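Contents: one structure, followed by commentary.
FYI, it's all coordinate maths here, none of it is from the lab. Owing to the predicted nature of the structure, the values given are computational and were not obtained by experimental measurement. Methodologically, a virtual Cβ is constructed for each residue, glycine included, from the backbone with ideal geometry; neighbour enumeration extends over all protein chains shown.
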Amino acid sequence: MSGTGQVNVRMRGPGDLLVIAEALEREAASRYRDLSQRMTRQGDLEMAALFESLARMEDAHAGQIAARRRPPQDSETRARVAWEKPPGHDEAEARGATLSRYQALAFAVRNEERAFAFYAYVSAEAESAEIRALAEDLAHDELEHASLLRQYRRRAFHEHRPAALEIPESLAQLEALAKRLDAEASAAHRALAESLWARGENDDASRFERLADEEAQGAGEIAAAAQPLKNAADGLRLLEQGFDHFALIAERSGDEALVAEAQRLASRMVARLASTGGARDNSLLPSQASKRQA
């Protein structure tokens with residue numbers, strides 16, 4: 001199996017995986033502190049404290065991982081890991097822009113999901129039961145981190161949600177809402193895909209075109225006008241908002257059946273984010289070409 005230039009996913013033993021895991025945790029801690037400092041500069045001390053708390057959590061986890069591992073037998077074993085910037089991210093523009101609570105949390109969630117996808121891949125490809133079990137444990141930890149961050153992101157969505165945000169009172173209303181949102185998202189993502197094809201961003205274009213097809217199936221015969229999306233980051237943000245909308249419905253409803261269906265719809269949005277956002281196709285994993293050559 002070929003590597004990625006970032007890390008080699010062929011693990012010779014648990015020590016190799018723990019080296020990578022420790023590097024991922026320390027990178028996350030560093031990024032959370034960056035976000036904490038940025039929120040402090042923006043005057044959002046509550047979010048600054050949250051990200052500093054998350055940084056300390058990652059530091060503690062990194063220390064626990066370091067205590068578990070022995071030095072790798074091969075001194076060339078290195079983990080060069082880094083958080084991925086959101087698709088369409090412009091570094092110069094980002095430095096001067098205000099980062100909302102929702103944007104900061106969405107950025108963090110995507111990278112926790114990316115780490116989860118990496119460990120899940122290692123577990124599936126592991127050649128020993130010991131590595132598989134360790135990868136599953138690490139994947140579970142990252143999933144818990146992502147779940148915690150999604151709760152905070154959902155709270156940020158709730159605080160700044162549109163005044164017209166719908167909270168259905170019946171399964172029929174929820175079904176109608178889901179179909180309409182699918183129709184609107186399909187139109188927006190299809191228009192985005194066409195724009196990405198025109199710009200030569202073929203990988204993202206293909207992902208969003210497949211997503212638009214799936215959403216069109218969910219919408220059935222309902223059609224909608226396309227809202228403008230500038231780039232892939234906007235396309236992912238639309239999915240994140242859909243997740244948070246359904247999760248908020250599940251939180252606020254007292255109807256057991258409606259809660260269950262809203263949770264199912266929220267889970268479907270997570271699956272769409274994973275496939276379209278590249279959680280399975282990220283720089284920690286082998287490319288499709290590498291896997292074919294392995």
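List of remarks:
- Karplus-derived 3J(HN,Hα), 6.51/-1.76/1.60, for each residue of segment 235-242, Hz, glycine and proline x: x, 5, 4, 4, 5, 4, 5, x
- A full extension of the chain between residue 136 and residue 56 corresponds to an added length of 26.5 nm, given 0.36 nm per residue minus the alpha carbon distance.
- Cut-off 14 Å, label 7 Å out along Cα→Cβ of residue 64, residues of segment 9-43 by amide N: 22, 25-26
- Sequence ranges 216-229, 179-192, ranked by mean other-Cβ count within 10 angstrom, highest first: 179-192, 216-229
- Cα gyration tensor shape for segment 134-267, rounded if a/c is under 1.5, else prolate or oblate: oblate
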